[in-house]
Amino acid sequence: MAELRLPPALLRALLLAPCLFASALGPSLPPTHSSLGYDLARAAPDLAALPPLSRDVLAGGTEPASRGETACGLHFEQLRPIFRERRPAIFATALGGLPVFSSADALDLTSGWPAFRRPLAPDHVLLIESDGATALDCVCARTGAHLGHRIAEDYYCINAAALVVLQPGGALPAGAVPTAQAELPPVLVEVLGSNLSY
């Protein structure tokens with residue numbers, strides 16, 4: 001799996017000034033789309049609508065082990081059936097709605113946080129090297145919000161409070177549907193269902 005790795009100082013600068021270069025190039029610059037057809041252009045985040053724990057986690061914090069709650073209100077224990085039974089679900093960012101992980105790649109909840117083998121698309125989750133840390137910070141490619149950490153190859157430990165859970169027939173947050181046609185993983189097609197307009 002390919003991953004996007006940038007030097008920490010450069011990545012932090014890009015996350016803090018997301019539209020600096022796009023605005024300088026003018027309207028002729030095409031929107032940036034991910035490999036799954038999602039618009040990755042930055043928008044002003046609306047943190048006010050999120051629960052306090054989600055706001056704290058997305059700003060770089062970490063929720064208490066085994067006591068997290070998704071931004072859509074699912075407590076940690078309510079995630080167990082999705083993980084154990086591999087129920088079709090997509091985990092999108094609480095801020096921006098970008099799908100980042102899938103129940104098809106869910107590992108377990110034994111660490112105290114949701115764990116996944118890999119992101120839904122490598123260009124949806126950026127990895128930032130932390131000074132002296134062995135784990136890499138995982139941030140949303142659309143908003144730059146902190147999601148959790150990649151502890152080892154094929155082991156992403158993510159804060160539940162950084163996520164919303166999307167299931168077949170359920171409501172979808174803004175940003176959860178791709179804006180350009182692309183080949184999508186089966187679980188994403190199943191969850192999005194009739195919301196796909198192409």
What number of residues within region 51-68 satisfy the criterion of being crowded, with 20+ Cβ neighbours inside 10 Å, within 12 Å of A94 (Cα to Cα) and not aliphatic (A, V, I, L, M)? 1
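Does region 90-118 hold any residues that are of a type in the set (A, V, I, L, M) and buried (at least 24 other Cβ atoms within 10 Å of the Cβ), and which are they?
Just the residues of region 90-118 that are of a type in the set (A, V, I, L, M), to begin with: 90, 92, 94-95, 98, 100, 104, 106-107, 109, 115.
Selection gives I90, A92, A94, L95, L98, V100.
Any chance region 61-74 includes a residue that's of a type in the set (D, E, K, R), within 28 Å of S197 (Cβ to Cβ) and touching a helix residue (DSSP H, G or I) at 6+ places or on another chain (Cβ under 8 Å)? So that I can check it myself, show each step before the final result.
If we filter region 61-74 for residues that are of a type in the set (D, E, K, R), which is where we start, we get 63, 67, 69.
Now drop any that are not within 28 Å of S197 (Cβ to Cβ), which leaves none.
The answer is no, given that none of the residues of region 61-74 is of a type in the set (D, E, K, R), within 28 Å of S197 (Cβ to Cβ) and touching a helix residue (DSSP H, G or I) at 6+ places or on another chain (Cβ under 8 Å).
For (1) surrounded by fewer than 12 Cβ atoms within 10 Å (Cβ to Cβ); (2) among the polar types (S, T, N, Q); (3) at pLDDT below 95, each residue gets a yes or a no:
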position	(1), (2), (3)
T143	no, yes, yes
A152	yes, no, yes
A162	no, no, no
Q167	no, yes, yes
G170	no, no, yes
G175	no, no, yes
A182	no, no, yes
V191	no, no, yes
What tally of residues in region 147-193 results from selecting those that are under 16 Å from L58 (Cβ atoms), β-branched (V, I, T) and not in a strand (DSSP E or B)? 0
Can you name the residue in region 119-131 that is in contact (Cβ under 8 Å) with a residue 40 or more places away in the chain and assigned to a strand (DSSP E or B) and, of all such residues, is surrounded by the fewest Cβ atoms within 10 Å (Cβ to Cβ)? E129
Do you know which residues across region 70-87 are touching an Asp or Glu at 6+ places or on another chain (Cβ under 8 Å) and buried (at least 18 other Cβ atoms within 10 Å of the Cβ)? F76, F83
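Hey, among the residues in region 115-141 that are aliphatic (A, V, I, L, M) and over 20 Å from R42 (Cβ atoms), which one's nearest to the chain's Cα centre (by Cα)? Before the answer, list the steps.
Start the filter on region 115-141 by keeping residues that are aliphatic (A, V, I, L, M), which leaves 115, 120-121, 125-128, 133, 135-136, 139, 141.
Now restrict to residues that are over 20 Å from R42 (Cβ atoms): 115, 133, 135-136.
Values: A115: 13, A133: 21, A135: 17, L136: 15 Å.
Only one residue fits best here, namely A115.
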Keeping to region 74-109, report how many residues are part of a loop (DSSP other than H, G, I, E, B) and in contact with a strand residue (DSSP E or B) (Cβ under 9 Å, 6 or more places away or on another chain). 12
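Report the residue count in region 104-144 for those that are more than 22 Å from G61 (Cβ to Cβ) and hydrophobic (A, V, I, L, M, F, W, C).
Applying the first criterion (more than 22 Å from G61 (Cβ to Cβ)) to region 104-144 yields 104-108, 117-118, 120-123.
From what's left, hydrophobic (A, V, I, L, M, F, W, C): 104, 106-107, 120-121.
Adding up the residues that qualify gives 5.
For region 149-179, give me the residue count where each residue is within 24 Å of T32 (Cα to Cα), in contact with a Cys (Cβ under 9 Å, 6 or more places away or on another chain) and of a type in the set (G, A, S). Working first, answer last.
Filtering region 149-179 for residues within 24 Å of T32 (Cα to Cα) gives 162-164, 166, 172-179.
With in contact with a Cys (Cβ under 9 Å, 6 or more places away or on another chain) added as a condition, the list becomes 162-164, 166, 173.
Those left that are additionally of a type in the set (G, A, S): 162.
The qualifying residues number 1.
From G144, G112, grab the single residue that is over 21 Å from P185 (Cβ atoms), under 15 Å from the mean Cα position of the chain (by Cα) and assigned to a loop (DSSP other than H, G, I, E, B). Full working, then the answer.
Working: G112 fails: under 15 Å from the mean Cα position of the chain (by Cα).
Being over 21 Å from P185 (Cβ atoms), under 15 Å from the mean Cα position of the chain (by Cα) and assigned to a loop (DSSP other than H, G, I, E, B) holds for just one of G144, G112, which is G144.
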Looking at region 1-71, what helices (runs of 4 or more DSSP H) fall wholly within it and have at least 2 residues that are under 27 Å from G112 (Cβ atoms), modelled with pLDDT of 50 or more and of a type outside the set (D, E)? 8-16, 52-58
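Kindly evaluate G96 against the criterion of being farther than 29 Å from T179 by Cα and in contact with a Ser or Thr (Cβ under 8 Å, 6 or more places away or on another chain).
Numbers: farther than 29 Å from T179 by Cα: no; in contact with a Ser or Thr (Cβ under 8 Å, 6 or more places away or on another chain): yes.
In short, no.
Looking at this structure, is T134 surrounded by fewer than 22 Cβ atoms within 10 Å (Cβ to Cβ), in a loop (DSSP other than H, G, I, E, B) and hydroxyl-bearing (S, T, Y)? Steps first, please.
Numbers: surrounded by fewer than 22 Cβ atoms within 10 Å (Cβ to Cβ): yes; in a loop (DSSP other than H, G, I, E, B): yes; hydroxyl-bearing (S, T, Y): yes.
Yes.
The values are calculated or read from the model by the stated rules, or taken from the named source; none is laboratory data. Owing to the predicted nature of the structure, the values given are computational and were not obtained by experimental measurement. Every residue, glycine among them, receives a Cβ derived from its backbone with ideal geometry; neighbour counts consider all protein chains shown.
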